[in-house]
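One structure is given below, encoded as structure tokens.
The values are calculated or read from the model by the stated rules, or taken from the named source; none is laboratory data. Every value quoted in this text rests on a predicted model; they were computed, and no experiment measured them. Note: ideal-geometry Cβ built from the backbone for every residue, glycine included; neighbour counts use all protein chains shown.
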Ligand code: HEM
Ligand SMILES: [Cu+2]
Ligand SMILES: [Cu+2]
């Protein structure tokens, strides 16, 4: 292992010595992991704004059903009907695109893509990813996917409109809804590129973490961020191919007359020839990815907050091993709970019972994580950086959204709650908002490393509080209408006596959503302003222990100008009794901290000397 | 003109905000002291407390005042069981929600940065980890177990004497079929669907002769009812909120759900004080343009009224005599008999005789 990593490292390093960069190799077709991370970030943020804007359009429809929307005609054209309303078909298309964009393009590519790329080499002490080329390829496949998905918003029949889960037969039959014509084809093509991008990226993350850790950095000294990225990549690698299979069969059904998902259908005045297929089969395949996907979205956010909370509480993360254990548990269990999305799909109720058991078990590792976060805060010395605030916000959403999962995982309760706004409230808190807050926390925390400058803290506070309060105002009330049974993906709620009295609440939610979205522009301003004019960042602004803060203010190719530092200790030596400072970086050997060492750590000193000798031997020829 | 003014106004405000921000940050740089124990740290800690109090206050107040608005009265035998499970879960998760949030928002105040203090170096405690693995596990096991029992009972096989109603979803409405006097639904085949025979009833099956279709679901109070559910184009889902009932309608794969209604429509009118109360079925699986308007009315009658209503319904064949042609020759007589066509014809001919006299 170590020889391999040495070779890779030295290759990159040499390249670094003598090469010139032009605009294209630096910003566009770069193979530098930091730049690729930033590419993912910027693309993800653009997608977040688009996805958010779409949600505002359909929130206008729900909150102000009588409003005249003619003023949207310049953007939406024919999708605004003559009476100034959104076309119901387009409403569904908006919901579908909003969901697809948020889940895949923002919170998978934008979150995991950004931080896995940016942080893995920096935190494990590698000069770059295992394969820079594959890394660039991963971004550009994502970019192609983005272009295709975006273009589907502008075609005449509109984008896919079957919900982000695109269940057939609705998504398979062009005559069922206009979105299932060209829009659905583009959706499928875009997702194929997206899956390829995720797989290539994931293989790279895994290879890098396994092979290229710097000397001394064993798995039990890895920051929790890296653990999270590692497990996320594994989940992705195992589940995305199944989505690919599901999509492929759907392509066959759509274009080549097969009947994987179609059976006994009479539509548009004619009976179709398909028999023997199963619509429920698609649901099984989809959710085999779909459920792990929520953890693909969430785990990186949890990893990021673990890091940020420990740093800003000036306290070791409580239960490091338990945190890893619970992430491992979540990883394994996430593959065996998928059918909890299908309790009332018509599948065998006995199967439902089994998935109910498995689902409620997965709540245990989640509970462990929450308690560990709380204990980490307890008796800490808390400094509220913006990143810290967002991390605390994440924990709050994780709790409130996670607890409603206990309702939904219970098949008997899911009968009533399935596909109502209770579900919308649940997943927006636990998956949407929690992961979004993780992403924000990560940006505020690592911005100094990305751009060498600090973001403005006051604006950050304002952004946090408006968003935190806003998210609760938007999504908490949705529980109420969900309990009352209001179904999701409804264009209007006045057709039913049972649901027609929620106008006030829906208006309230929409206003809160508009305000919350507006608050995001504070962030956009802060981000771009600070990129150029922010205060110059000190080398280690948060007094953190991990390796990325040992690089220069703006690390170049290869990350460390000299030797890659050696790691001696775990990343959470904050406020260690007897230590001089309230943090000890991972690069400080135990031999230099005799006053704070615990008994078993003194025994490690000998080992350290061995590592040092070896380190000198190997690195000598290079410099 | 007005738009222009608004635009200019907004621009002005933005410029002013930008200048204020610029001044603020320049002062910040000039002062240069980066003190962690800053006022911001205090303000943020206090805001968490404020959020805790106002947030919980609003939640409790709103839930209390609007409780009835958001809790639907329940009208099926298994309903109260589901509801009680719901409120138990609400109680348990509610306690967890409140306790964890009190800690989460009070810790920032209690432990905010103080440069004279060190955080407590406390990396691990296996007893605690064990405790909060086991406690959630036990609590969840109890919830799972009661959920499991309720679920198995609700999804158990329907009693043999259940009233059978077939509900079929299509874009964008529902159709309802009853088995008629023989209690057996006739076969169907999607290939023989046409504008009138929307179910694709197969008239070579003798069970179909007395089947009748309706535009709403009518069921008796206090008797088990079995919904046989299917769809003929895309997925739909039958959701009857008052009965705590939901089941997808899947093309090519019939599903079902049985339950016992406990309150007639007029009972509900009394209970809710709403004279126009109607039970409704809504579609909860995205199915296209009209998804939001796929409504089906359900009427629950007293058993005696129900029998009367049932007997007064005319069979499909009776109402669409053309379809007699689809009945195989050898059954035609039987079909005329069972579907009630014969009776009707006799009736009219009797009438004719009478009027002639
Ligand atoms: C600006 C903030 C947001 C607002 C106001 C918002 C609002 C909504 C609403 C009201 C729906 C349900 C629409 C319907 O069923 O008719 C919805 C659907 C959805 N949202 Fe969001 N959302 C926001 C952000 C997010 C984020 C950050 C995520 C990331 C996970 C997300 C993921 C989804 C998904 C997956 C759906 C389901 C789409 C479907 O039904 O197929 N949303 N959103
Ligand atoms: Cu799931
Ligand atoms: Cu529908």
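The rows are residues; the columns are (1) touching a helix residue (DSSP H, G or I) at 6+ places or on another chain (Cβ under 6 Å); (2) more than 7 Å from chain B (Cβ to nearest Cβ).
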{"position": "A:476", "(1), (2)": "no, yes"}
{"position": "A:480", "(1), (2)": "yes, no"}
{"position": "A:494", "(1), (2)": "no, yes"}
{"position": "A:501", "(1), (2)": "no, no"}
The listed residue being within 16 Å of ligand 2 (Cβ to nearest atom) and over 21 Å from residue A:178 (Cβ atoms), out of A:277, A:290: A:290
Exclusive hit being on the phi > 0 side of the Ramachandran plot and either within 16 Å of ligand 3 (Cβ to nearest atom) or more than 22 Å from the chain's Cα centre (by Cα) (or both), set A:380, A:352, A:346: A:346
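From A:403, A:389, which residue is over 23 Å from residue B:40 (Cα atoms), within 10 Å of chain B (Cβ to nearest Cβ) and in contact with a helix residue (DSSP H, G or I) (Cβ under 9 Å, 6 or more places away or on another chain)?
A:403
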Some residue of region B:293-308 being within 14 Å of chain A (Cβ to nearest Cβ) and more than 21 Å from residue B:166 (Cβ to Cβ): yes
Output for region B:184-215, where each listed residue is part of a loop (DSSP other than H, G, I, E, B) and within 14 Å of chain A (Cβ to nearest Cβ): B:187, B:189, B:193, B:194, B:195, B:196, B:197, B:198, B:199, B:200, B:202
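Conditions tested, residue by residue: (1) crowded, with 20+ Cβ neighbours inside 10 Å; (2) within 16 Å of ligand 1 (Cβ to nearest atom); (3) closer than 30 Å to residue A:215 by Cβ.
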position	(1), (2), (3)
A:37	yes, no, yes
A:59	yes, yes, no
A:70	no, no, no
A:81	no, no, no
A:89	no, yes, no
A:94	yes, yes, no
A:104	yes, yes, no
A:108	yes, yes, no
A:122	yes, no, yes
Condition met for residue A:285 (more than 16 Å from ligand 1 (Cβ to nearest atom) and in the same structural domain as residue A:162 (by TED's automatic domain parsing)): yes
Matching residues in region B:172-189 - criterion: being surrounded by 22 or more Cβ atoms within 10 Å (Cβ to Cβ) and out of contact with any helix residue (DSSP H, G or I) (no Cβ under 9 Å at 6 or more places or on another chain): B:174
3 or more residues at negative phi and surrounded by 13 or more Cβ atoms within 10 Å (Cβ to Cβ): qualifying helices (runs of 4 or more DSSP H) within region B:27-133: B:39-65, B:79-110
Selected residue (only one of A:330, A:362, A:309 is away from ligand 1 (no atom under 16 Å from the Cβ), crowded, with 21+ Cβ neighbours inside 10 Å, assigned by TED's automatic domain parsing to the domain that holds residue A:416 and at pLDDT 95 or above): A:309
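Yes or no: region A:418-440 includes at least one residue that is in a helix (DSSP H, G or I), within 7 Å of another protein chain (Cβ to nearest Cβ) and within 16 Å of the chain's Cα centre (by Cα).
The answer is no; no qualifying residue exists.
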Test: residue in region B:225-232 that is surrounded by fewer than 24 Cβ atoms within 10 Å (Cβ to Cβ), more than 9 Å from every other protein chain (Cβ to nearest Cβ) and under 18 Å from residue B:71 (Cα atoms): no
Residue A:344, sole failed condition from (1) crowded, with 22+ Cβ neighbours inside 10 Å; (2) out of contact with any strand residue (DSSP E or B) (no Cβ under 6 Å at 6 or more places or on another chain); (3) under 20 Å from residue A:294 (Cβ atoms): (2)
Test: residue in region A:134-150 that is within 16 Å of ligand 1 (Cβ to nearest atom) and touching a residue at least 24 places away in the same chain (Cβ under 8 Å): yes
Hits in region A:326-358 (condition: in a loop (DSSP other than H, G, I, E, B) and away from ligand 2 (no atom under 14 Å from the Cβ)): A:344, A:346, A:347, A:348
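For every residue, the table says whether it meets (1) within 16 Å of ligand 3 (Cβ to nearest atom); (2) within 14 Å of chain B (Cβ to nearest Cβ); (3) at pLDDT below 85.
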site	(1), (2), (3)
A:58	no, yes, no
A:78	no, no, yes
A:85	no, yes, no
A:94	no, yes, no
A:101	no, no, no
Filter result for the condition that a residue is farther than 30 Å from residue B:18 by Cα and assigned to a helix (DSSP H, G or I), over A:526, A:495, A:506: A:506
Yes/no for residue A:140 being surrounded by 24 or more Cβ atoms within 10 Å (Cβ to Cβ), over 16 Å from the mean Cα position of the chain (by Cα) and in a helix (DSSP H, G or I): no
Residues (more than 12 Å from ligand 1 (Cβ to nearest atom) and in contact (Cβ under 8 Å) with a residue 24 or more places away in the chain) located in region A:485-502: A:485, A:494
Single match in B:263, B:314 (criterion: buried (at least 18 other Cβ atoms within 10 Å of the Cβ), touching a residue at least 40 places away in the same chain (Cβ under 8 Å) and either closer than 30 Å to residue A:174 by Cβ or in contact with a strand residue (DSSP E or B) (Cβ under 8 Å, 6 or more places away or on another chain) (or both)): B:263
